[in-house]
Each structure stands twice: as C-alpha cells, then as structure tokens.
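What follows is a short report on a single structure.
No lab work stands behind these numbers, since they all come straight from the coordinates. Quick caveat, the model's predicted, so the values are computed rather than measured. Here the Cβ positions follow ideal geometry from the backbone for every residue, glycine too, while neighbour counts run over all protein chains shown.
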Amino acid sequence: MRMCRKLLESVTRRKSWDTRSLLDTPFNRCLNIVDLIGIGIGSSAGIGIYVLSAHVARCDAGPASVLSVLLAGVTSLLAGLCEAELTTRLPKAGTSYVYSYSVFGELSAFITGWSLILEHVLGAAVAAKAWGHYLDYMLNDTLHKYLAETWNWGNSTLLATTPDVLGCSVLLVSTLLILLSVKIYSVVNFVLMSISGLFVLSFICVGFFHIQTHNWTKSPGFFPHGVRGMTSGAALMVYGFSGIDNVATASQESKQTYKHVPTAIVSCCIVVFFVYFGSTASLTLSYPWSQLAERAPLSKAFEGKHIFAAKYVIGIGALLGLLASVLGFLFSLPRNMYAMSKDGLLPRCLSRVSSKSKTPMVSTFLIGVMSAVVSLFLNFESAVEMLSAASLFSYFVCAISVVCLRYQTESVGVYQEYSDAEDTDYSKHGYATAADDHTTKVLPKLEIMANGDMSLHYDSNSIAESHVDGLYMNGHCCRDNRDSLRRHSSVNSERTRLFPKRSRSNFSLSSLSSMIRLPSYSCTEPSQSTWGTARCALVVFIISSTCMCLCLIALSVETSSRVWWAVTASCISAVFMITAALFVAKQPQNRTKLYFRTPYVPFVPLLLSFLAMVLIAALPFLAWIRFSGWIGAGLLVYFLYGIRHSTMSTADEQEVVLYDVTNPEFTVDQMASGLPRAQ
C-alpha cells in the first residue's frame, strides 16, 4: 500500500514555477511578430494545401471536405484562444507538455509530450514524402519507376513499396539548415511562405474559373461517406492548423511574448482557414474528387484540366510550401524534447543548447534522423492517417487546463498585478536579473500566537522597494501575502520589454461567466469549496461528453431502427453536459489580471474539449491502434527512466526547508506536530 501511494504521488506531482525559470531562456530572443506569423503559416499551409486537402476529399469527405475545413478551423481557433492564454501564463518551450505538467501532473505531461514527438516526426516525414512526390512528378516519375524496378519491397499496409530517397534527402538537408540559427530559419521560412502563397492564390483563382457544379451534386452527392466521413476529414484537417503550436513553442525566442504570441496565433488560424477553404473548394469544384491521385494530386488534377504549365507551376509552389512545412516541424519538436529533457523525463543530452547558434543541437539532429528514417520506410497513407491524434489530445489538454487555472485558488505562471505595467523593465534576456550585492533576501518569520496558532509574515523593513510588477510564483506562497514579495532588479543599458506597457483600457476579452450575477451572499473569489464544485462539474462534463461521443459512433455505424437507446442516451448526455457547464460558470473565477484571457470562459474551452472528443472519436480505428502502441512504448520509457530521473523526484529527495522561528525554544519538531508554544 505504501508503494502504491508513493507511485501515485510520483505520477501526479505537479511542477511549480518561479519568475526566473519562466522568463529565463538559453535561446536567442530574436523573433518579432512577422517571424512568428511566418512560422505559423509556413509550417501549416504546405502540408494542409498540397497533401491533406486532396487526401480528405479523395478518401474521407468528398465535396463535404469544405465543411471538414470549417469544422477543423473552428476547433483550431478555439484551441488558439486557449493556447494564447496558457502561453502568456507559461512562456516556455513545450506548449501542451508544460501546461499539462503544471495542471495535471507528471505522467499526463509525459504522455502529452511523447505523443507530440510521434506526431511531429510523422508530419515532417509526410511533408518530405509529398515534396518528393511533386518533384518526381515534375521529372516524369523517373525515380519512382527506377526504384520500382530495382528495389521493390512488395505491398504492405504499413511500409512503403520502395524507399523514398528524395524525402529522406530533403529532411537531412533541412536539419542542417535548422541547426544554423533560428533567425536564419525564420527568414528562409518567410521567403518560402511568401513565394508559395503567390502560387496558391494563382491556382485557387484558376480553379474557380473551371467550376463544374456537378462535381458536388452528382451521385453519390455532397456527402458520399455521410456525416461521419465529414467529421473524419475534419479530424485529419486539424493537423493543417498545427502551426499555432509552433508559434507557442517559439515563445522563448520571441522578443515580446505577451504582445506578439497571441496575435500571431489568432492571425495564423484566420489566414490558414481562408487559404484552406479556398483551395479545397477550388479543387473539389473544378475536378472530380474521386479521381484525385495519391501522388502529387494538385498538379495532376490541374494538368487533367489541360491548363498550360500547371504541372510545373503548381509543382514549384508545392516544393516551396512543403519545404516550409518540413522546416516548421523540425523547428518545433526539438524544443518540446528540450523541455522534457530539462525536466529529466528524457536523457539530459537532449537539452544541450549550442552556445553559437542558440539551438538544441542534439535533439534537432536526432529528430532529423528519425524523420528521415520514417520517410524512407513508412507508407504514405499510413503516416497521414496517424497525424491528428496527438493534436486533438493536445487541444483537449489546453481546454481543460484553462478551466482548471481559472477556477482554482492559486495563480499559476506570469500575471499582472496592476492594470498599468509602465514601470516594468527587463534585461536583454527578458527577465529581471538580481545583482548579488544588491539583492535583498526576504525570509518568512513564523509567529506563534497565544492560542498555539502559527502564521507566516514578512518583515516590511527587509523588503526591497524596487519590484518587478506582477511576476510571482504560484503554489507555496499565500495569495494574501503576495503583495509583500518584491524582487530587486538591476537592468542593463540595452533592454527589451518581454511584457510591454499596457494601456489602462481593458485589453482582455471579458468572460461570459462574469455576466452572470451572483447572489449577494456568494463569494467573488474562488475558494477550496467553489473549486471543488467546479472540479466535480468538470468531471461530469467530461464523462457526459464521452458518452455523447460513444452514442454518436453507434448512430453512425448502426443504420437500423434499433438505435433508440443511442438517441435517448445522447439526449440525456446533452442535458448533463449543459447542466455541468452552467454549474462551472456559476462558480467565481480567479480574478488575477492576465496578459491575455481566453474569452467566454468556461464555455469556449468546454466547447473546444467537446469538439476535440468528437473528432478523436472520428479517427480511423487502425490509427488509434498504432497510436496506442506508441503510447505503450512511451509508458515503458517513463517507468524505466523518466520517473527515476525526473527533476521533481530529485527535488523531493533533496528538499531542505529553512525556518526563522521567533522563539528559539520552540523546536522544529513541535512546529511540525502543531503543538502550542510552552507558556
């Protein structure tokens, strides 16, 4: 029993953050708003336009793929709003892994980070294989025919019939480019994205000049595979919006995290949605969706319309766009692995950062080699089907994290204490650096009351007058005493503002729950009681959403009239979901001033969690089997290595607590046991 309790404590231990660890970074803060938007759009647009749009139309949704893009876009926009708040709270590389570690615990964080490793490796491999398909098609399939004749491995559902030499080569070359410098990568990515965008706009316009409405209306109709086919396509199209995760990953390399990252995330979602919707509608209206090819589908489709030079024009655009996607996946994943390695859950060597290029060298090289091997051997269709599982799980984690952080009593991460941050300055790395000879150390004093009660307080004479506005550590410090904590900072001559000056106007979007008037006797600050009520209601919402998804699966599979039980269960689940959401909304929220607030909490994150669960349920069964196998391998890695080498485990074993006791005769043993002071 003791061993089980210790194991449970280990897998559920959460990570707390102090100001320096949140704002310190070994990377180079050199990315501006244009760089961040370029990273987000460049890593998303290529694989979404040139791979996923045609694949979803051909295999899943047909003409209804435009609705798949719409559903995926709404889901990703909600996820972007949630991730913007979490990123400004915790501006660290690792995104969903970091959020999960701070809210749910170590095991949940490891599973989230491990799943992202698989997804980004597959994404880089798919983009590289598609890049090779378009290049080989421009060369009249010369390389493919040669390999099919000389090096054919036979048909397989998982492995490719021939090795993909072109895809492997472009991944290795891209890895070398990523190793140079993040600023060089951002410039190259922006150039590739801009030129590719011109080609995308050209074929969208040309496609609308060749509209044939019967491509949407002729048998089998607009929904050839039903609503389930449309939702399956949306589940896959979600991966086309993965650029928002890359933007959040770059928060440690952004010049102004608070100002630039939320703007870049929302901008990327909007731009990518309109580009996806236009390209998908143009493709399915101008060409029969059932005749789309597996290799280089857009080039073959427009060449089939006898459009002059379509093979080369679209081919060049695809090469540029897919190369930007390859670079984007190779940029973001090493930083996720860096965060996991820094916490001890993966080998420490993966967290080494080059002193010259300020990039994680070992993890970048490892990811490049892994992606190259996967692209060389894995079947293209199998890799595409496994793409979105981790993204949807990440969306779900972000949604629940926002709700938990808003309704719990502690304030996690970076926040603003006052409405004006005009005195907030940071050194060139974006954090307050305390000089050793000027730092004022404030130790808590334990005061013993006459009745035996104990209270911690801070000596006002020992508190530094200078402070960093609104940056505090959550968790172990009492919320009522946080106004007494100040940090003295020495600011360098060359400064940047990581969290710049805010106007007195309310920047944050208001929450719908704040419009619900509470009774006069209700508290306006969260307490343990209200947090417990919100937590129970949140669990009910998740269980009801799961039941709803299972009922929807049953309704989509079973076509007979004996599905009354599924309809009834769906209605009951919907009632419980709405009731639970209202119970959560009725509880008081944490009123800490954030640099960005997700609007209409809890309804936006709860809607996101429900949509993520619906799309998760729509994924192919084989994709979930393969994804589960990867998670099983990750659990072995965690329990054999991560749980023993975790920095949280080391901190628990080596923790030393210092006390300043007003009465020397009052021993530490008496204090720990709660005994009153001797009279």
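Summary of values
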quantity	calculated
When segment 1-128 is reduced to its Cα atoms, the Kirkwood hydrodynamic radius in Å	17.7
Computed lengthening from Arg295 to Arg352, 0.36 nm per intervening residue step minus Cα-Cα distance	16.7 nm
Isotropically averaged projected area of segment 58-113, using the convex hull of Cα atoms (one quarter of hull area), nm²	5.1
Gain on full stretching of the segment that runs from His645 to Thr213 - 0.36 nm per residue minus C-alpha separation	149.5 nm
Contact order normalised by residue count of segment 526-588, Cα under 8 Å, 6+ apart, percent	55
Kirkwood-based shape ratio for segment 110-231, expressed as Rg/Rh from alpha carbons	1.05
Listed peptides 71-83, 159-171, 123-135 by packing density, highest first (mean Cβ within 10 Å)	123-135, 71-83, 159-171
For q = 0.08, 0.09, 0.12 Å⁻¹, Debye-computed log10 I/I(0) when each Cα of segment 30-407 counts as one equal scatterer	-0.37, -0.47, -0.85
For segment 157-175 and segment 595-647, distance of Cα centres in Å	28
Local electrostatic count at Val402 - Lys and Arg +1, Asp and Glu -1, tallied over other residues with Cβ under 13 Å	+1
Packing rank of 88-98, 530-540, 57-67, where each peptide gets the mean count of other beta carbons within 10 Å, highest leading	88-98, 57-67, 530-540
Cubic angstrom per residue, convex hull over Cα atoms of segment 270-357	164
For segment 30-407, size of Cβ-based charge dipole, Lys and Arg +1, Asp and Glu -1, in debye	600
Net charge over other residues, Cβ less than 11 angstrom from the Cβ of Phe104 (K, R count +1; D, E count -1)	+2
For segment 526-588: span of alpha carbons on each principal axis (Å, largest first)	50, 13, 12
Residue pairs, from the table Lys183/Lys311; Lys92/Lys183; Lys92/Lys356, whose Cα atoms sit over 30 Å apart	Lys183/Lys311
Computed lengthening from Trp565 to Met3, 0.36 nm per intervening residue step minus Cα-Cα distance	198.0 nm
Alpha-carbon Debye profile of segment 170-256, log10 I(q)/I(0) at 0.15, 0.18 Å⁻¹	-0.91, -1.05
Directionally averaged shadow of segment 300-403, computed from the convex hull of its alpha-carbon atoms, nm²	10.4
